[in-house]
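The values are calculated or read from the model by the stated rules, or taken from the named source; none is laboratory data. Not measured: the values here are computed from a predicted model. All Cβ positions, glycine included, derive from the backbone under ideal geometry; neighbour counts span all protein chains shown.
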Amino acid sequence: MTGAGPARPFRIWTDDPILRKYPFCNTFRVLDKTSQFLVREVIEKGSQDPQELVFRVILFNTFTRIDTWKLLERKLGPLTWATYSREKYKNVLHRAKSRGVILYTGSFIKPAPSFSYADNYMNHLCLLEVFMENQITARLMNAEYLADIFDFLASFPSMGDFTTYQLILNLSYTNILNFHPNDFVVPGPGASSGLGKMFGRKVKSAGRGFEIDIIRWLVKTQTQHFKRLGLEFSGLGPDELPMDVADVEHMLCEVDKYSRMAHPQYKGKRTEMRRVFEPSPAHYPAKPCLPKAWSHPDRQIPRIKPGGVPIVQKRYTINRIAARREGEHGPEYLVYWFGYPDSDATWEPETLLMDDAPAAVNEYLAQHGRS
């Protein structure tokens, strides 16, 4: 693929029939079309106030679809937290959805929290508000480790490991997160499958920590492998930067995709490619835009949090108390939680709730004539 560019028709970039037929992502995540739009149009245009910058990135990340960002911007003007209105955003998104407009990326599933709305986009807007109202900007700017940011973001409803990591990567293109590019990585489902196809299925059973170790090893030894395989690898940008852990994680997903066609005997959860590659009619700049924030000196200092893979404690806020019963060790209450479906309601002991949320208990008791 070396030397490919806008002046060269995509059909002559490679003789590989699989690469010609199916869509694959760039080796470097930041060079993907969506990431380039995020850097150029979302991050580096508009207010550089930290609060506004974080809002724009989270909003874009919510849908991860260029057309949705353009739609909101066209209908609502500059997208800012200072002028944010859930009702106005709802009206734009509702009209678009009713016309059959696709709002979300097709690259991966965007799970939505449960805030009592039927439409995912409304629940996602509520989650965005919860992020902003929980001092997310200060938490990001004051974090000692990227792993701490992962713990914080993943504690919110619907924020799984993969979606949390993708948000962190998008935020890393701003000057809000100035960490070394190899500080932190979370292998997603595609990367885990790719590792299994490269090194055998036992990799998965060895745990995420082992998968992370392999990714770090691939980063450290990449030059040796290019030389061993006779591959010319030009690197990223004028400094010819090597792949970092996010790029290798990204690349492993493409290994998994390619292997489905090239080596079908190695089975994964997905066994086929659902789309055929079609070149975009839009013109994209030949010269990539690398984030200005990458020049920050703090990004040269590795800060890997000791202690292994983070253990996330989910964040729960009481939505309502629906019932009371006598448990084995005293009264218990049926609690419904903000951002979680009704099926996740739990019976909680009164002693615990009176410590953490006495107002909710007292409100329930008052409504039901108890004291």
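Brief remarks on what is shown
- Subset of the stretch 51-110 [among the aromatic types (Phe, Trp, Tyr) and under 25 Å from PHE24 (Cβ atoms)]: PHE60, PHE63, TRP69, TYR104, PHE108
- Residue count for the stretch 95-131 under the criterion of being of a type in the set (Ser, Thr, Tyr), crowded, with 18+ Cβ neighbours inside 10 Å and under 17 Å from the mean Cα position of the chain (by Cα): the result is 1.
- Selection status of ASN175, assigned by TED's automatic domain parsing to the domain that holds THR68, closer than 24 Å to GLU44 by Cα and assigned to a loop (DSSP other than H, G, I, E, B): yes
- Residue match in the stretch 207-218 (condition: under 17 Å from GLN300 (Cα atoms) and assigned to a helix (DSSP H, G or I)): yes
- Qualifying residue in the stretch 189-199 (condition: without any contact (Cβ under 8 Å) to a residue 40 or more places away in the chain and surrounded by fewer than 16 Cβ atoms within 10 Å (Cβ to Cβ)): yes
- Every pair of residues 6+ apart whose Cβ atoms lie under 8 Å, when the first sits in the stretch 212-230 and is of a type outside the set (A, V, I, L, M, F, W, C) while the second is surrounded by 15 or more Cβ atoms within 10 Å (Cβ to Cβ) and assigned to a helix (DSSP H, G or I): ARG216/VAL245; GLN222/VAL248; HIS225/LEU218
- Some residue of the stretch 174-187 being buried (at least 18 other Cβ atoms within 10 Å of the Cβ), within 23 Å of TYR336 (Cβ to Cβ), touching a helix residue (DSSP H, G or I) at 6+ places or on another chain (Cβ under 9 Å) and not hydrophobic (A, V, I, L, M, F, W, C): no
- Scanning the stretch 319-327 for residues that are assigned to a loop (DSSP other than H, G, I, E, B) and either in the same structural domain as ILE149 (by TED's automatic domain parsing) or at pLDDT below 85 (or both) turns up nothing.
- Looking only at the stretch 317-371, and only at residues there that are of a type in the set (Val, Ile, Thr) and surrounded by fewer than 17 Cβ atoms within 10 Å (Cβ to Cβ), the one that is nearest to ALA112 (Cα to Cα): THR317
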